[in-house]
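Below: the structure, in structure tokens.
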Amino acid sequence: MGETVKVITLTGNSTESWEDAAENALDDADETLENITGIEVESQTAEVDDGTIEEYRTTLDVAFVLNR
């Protein structure tokens, strides 16, 4: 029997970088999900104040195999 993979969308935040925001989202997912098999970056955005990036945001699709 084949595996079933579920994909969820998460948005991570960071004051450092888009990469750090993605890592934060993946770290949080890893605490509650088993069998994560991959991620896909959907978008990268930022909150800007007075011409300076205040917070980076990375939205990811996280794929994981469902347990039977």
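Every number in this text was worked out from the coordinates using simple rules, so none of it is lab data. Source: prediction; values computed, not measured. All Cβ positions, glycine included, derive from the backbone under ideal geometry; neighbour counts span all protein chains shown.
When peptides 18-25, 33-40 are sorted by average Cβ neighbour count within 10 Å, with the highest value leading, the order is 18-25, 33-40. Straightening the chain between Lys6 and Asp28 buys 6.3 nm, computed as 0.36 nm per residue apart minus the Cα-Cα spacing.
The phi torsions of the stretch 4-12, fed into the Karplus equation with coefficients 6.51, -1.76 and 1.60 and a -60° offset, translate into couplings of 10, 10, 9, 10, 10, 10, 10, 10, x Hz, rounded to whole numbers, with Gly and Pro shown as x. Restricted to Cα atoms, the stretch 5-65 shows a radius of gyration and a Dmax of 12.4, 43 angstrom. Ordering Thr37, Asn13, Asn24 by the projection of their Cα atoms onto the charge dipole of the chain, which places +1 on the Cβ of Lys and Arg and -1 on the Cβ of Asp and Glu, puts Thr37 at the extreme positive end.
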